[in-house]
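Working notes for the structure below.
The values are calculated or read from the model by the stated rules, or taken from the named source; none is laboratory data. Because the structure is a prediction, the values reported are computed rather than measured. In this analysis, Cβ positions are derived from the backbone assuming ideal geometry, glycine residues included, and neighbour counts consider all displayed protein chains. Remember, those area values only see protein heavy atoms, side chains included, never the ligands or the DNA or RNA. Shrake-Rupley method; radii C 1.70, N 1.55, O 1.52, S 1.80 Å.
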Amino acid sequence: MSVVGFDLGFQSCYVAVARAGGIETVANEYSDRCTPSFVSFGPRNRAIGAAAKSQVVTNCKNTVQGFKRFHGRAFSDPYVQSAKSNLVYDLAQMPNGATGIKVMYMEEERVFSTEQVTGMLLNKLKETAESALKKPVVDCVISVPSYFTDAERRSVVDAAQIAGLNCLRLMNETTAVTLAYGIYKQDLPAPEEKPRIVVFVDLGHSGYQVSVCAFNKGKLKILATAFDSDLGGKDFDDILVKHFCEEFRQKYKLDVKSRPRALVRLYQECEKLKKLMSANSSDLPLSIECFMNDIDGQFEEMCAGLLAKVEGPLRSVMEQTKLKKEDIYAVEIVGGASRIPSIKERVSKFFGKEISTTLNADEAVARGCALQCAILSPAFKVREFSITDVVPYSISLRWHSAAEEGQSDCEVFPKNHAAPFSKVLTFYRKEPFTLEAYYNNPKSCPTHSQFLIKNVAPQQSGESSKVKVKVRVNLHGVFSVAGASLVEVVKSTEGEEPMETDPTTAKDDESKMQVDQEEQKQTGDVGEKKSEAEEMEMATEESKEEKKNEPPQPKKAKVKTKTVELPIDNNLHWQLSTDVLNGFVENEGKMVMQDKLEKERNDAKNNVEEYVYDMRDKLHGILEKFVTEADRGTFSLKLEDTENWLYEDGEDQQKQVYIDKLNELKQMGQPICDRYMEAEERPRAFEELGRQIQQYMKIVESFKAKDEQYDHMDELEVTRVEKQVNDAMTWMNSKMNQQNNQNLTLDPVVTVAEIRAKAKELHSACNPVLSKPKPKVESPKEEKATTNGPVNGHDEPQPAGDKATPTKGQETAENKLPEMDID
Ligand code: ATP
Ligand code: MG
């Protein structure tokens, strides 16, 4: 099981993994921990991340970015329509009305859903995690802004599925940050003490989020969140871009907006300019400097409107929590755009205190997600830490009233209600009915989800049946009707009420949440997609609990109840159907395969190109001596032809064509390379063999000189060894002579492999005889000295692995019997 956290940012993404050493943010194939949220489409493949960003100017119409906020939105949504005017690529409407992205891919016009594009990006991030962990990655935690609605969240979960990921939790970005902050703190107040209150501020590229968190030892609880989803670093870029567009129009009569490439460039330059201005850097690149002079001093003024928006969410969280500024222990700030000095100033001024930047502003979200994944993963041992998040918008249910016509409604989860959380609602109904969920603030999300509770029938007596409906906000922060059951009461004394909140609700606190989390752990499933069996299980568990919680009622002892699970029809806004989603999964697989094939094809082509350049260099360099002039001429010509071919007919060929081409070249080149390699290696091989021969000879000599070190050896055996050593010497000398007279442009008379084989053969024949230890019983110290002692009486220390030449070896013998490195 993998433990991975993904920060899916509007502009850039980060990947954090858990390993034995702890949580680590990992780098992509460019050794960069930041992966741009870009996908580029080409005639043969896609590029994702940094490779895509590098095409943003050259292939601007087909390089998409800034799609994070298209999740769960209709094409006609005002946000989409207004974003559209600033994009250089095209958007289109999906068949279901959602936002799609129109590009040319594989020389065809294609419309991809937002889920698909994010799925592509996630697939890339998954690869990054996989290459860091060196194993497949499936389970993960993905971040979303705290202001994401149900539709947006479900859409991201679908994207994860397209990428073959199992998202254990969609985690609110600021909540991930609170976890990254809190879990390592050793000095948090004890559970019964007053919590430590910390405010977290995240200003990213597209959005601004604030949350207030209460920390105690082993737990964190989000108290409130506020946000401005229309304030981010991007808005500062927009202001600069607008300014320069206007200026170019006036000064040069240039309409930058109508030139996509120029617009993309201008955005890049303006972002650089913004960063440089916030860094207060004195040495600016020339290109930037003239921009800079142009707006020097005006920037604050130009951005006054944006800066004024900083305070709203800060004020809002303070009002929601009714906290005083003195109650705030610290204000932590993260997100790339939080580096803008005037932003920091505003936040600091509001709270009347220095703001802290103890967290990594770019990586804290990913790290928090990886920590959450580790907590959810049974495979990882992490410090116990309980996380209570909040519902960002109040959620209400609406239904047709049973008694009279007209609608009734009820707020089921007010804003800042703890999440994840389940509640059980009771209805009295004679027929199937529909519950419609909606956000109370229509601006937050004008969409609705509908849940049809089916198979409801009156009781035998004709009275309304009691229907228990379980609603919940799951781990992803998504609202759903998780189950419904019909309680058949044989005898009921309860009066008819349109709806009541079940008494278990009050008890339905953290312990119930625990149940939810447990389920998620086991199945990693999305709440509303739970199998029926599971829903049933939950319901039984609940009714058990209910019975436990109900005081014994002797008067009603004879009343029997029977619970029947009811099917529910979900009509979720913008939810992809299973068929469509499966189609996307399949398509993503095909595109991944296509990218892989294209990469292999390109690699094969590059190999030919590299070989041509490499060989051309070497033919007049190190290889020169090893090829005849005539052959060199022919080969050079062949290389030149190939180079031309690569730019003409060979520009665009199948992989196999390149492989064949390379083999063809190698047929000419390889023998030359081989001769060179042989000539390089040969002296060392001879030298090693020579040294070996010398060493054996020396022992034989010592034996013959009756050296007592060797008097245990068998004479016959030594004689046999001596002969073998002499034979090897003769063989070597003759080969050396022959080779010295051989032209280097011809194949060698003896190969390095043959010399090494000879050495090996000699070793196995001689070593057993010559290194036989002297059978002696002495004190361990002396014994050691004997077996390892100098073979020739000298005992000067010798450097290990001494590479003495055979003649030198005779004078300064090795200390030990050589442990020969034959292979
Ligand atoms: P979001 O959180 O909205 O999804 P994101 O996570 O991709 O977006 P970040 O990476 O947190 O966003 O921040 C990117 C923004 O921060 C960009 O607008 C970038 O220009 C800005 N930024 C980064 N460094 C600096 C800096 N030194 N000064 C000013 N702005 C900066
Ligand atoms: Mg972010």
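Results, tabulated for the structure shown:
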item	result
In sequence order, calculated HN-Hα J values of segment 18-25 (Karplus, 6.51, -1.76, 1.60; Hz; x Gly/Pro)	9, 10, 3, x, x, 8, 9, 7
Test item: Cα-centred dipole of segment 91-235, Lys/Arg +1 and Asp/Glu -1 on Cβ, debye	600 debye
Accessible solvent surface per residue of segment 354-407, calculated while the other protein chains remain in place, 1.4 angstrom probe, Å²	45 Å²
Per-residue HN-Hα couplings for segment 190-201 [Karplus 6.51, -1.76, 1.60; θ = phi - 60°; Hz; x = Gly/Pro]	4, x, 8, 7, 5, x, 8, 9, 10, 9, 10, 10
Per residue accessible area of segment 12-132, 1.4 Å probe, in Å²	37 Å²
Sparsely packed trypsin sites (Lys or Arg not before Pro) within segment 127-160, loop by DSSP, other Cβ within 10 Å at most 11	LYS134
Extent along principal axes [Cα atoms of segment 299-388; Å; largest to smallest]	53, 31, 19
Among 255-268, 182-195, the order from most to least packed when residues are scored by Cβ within 10 Å on average	255-268, 182-195
Per-peptide average of other Cβ atoms within 10 Å, ordering 674-681, 121-128 highest first	121-128, 674-681
Per principal axis, descending, Cα span of segment 610-706 in whole Å	78, 30, 16
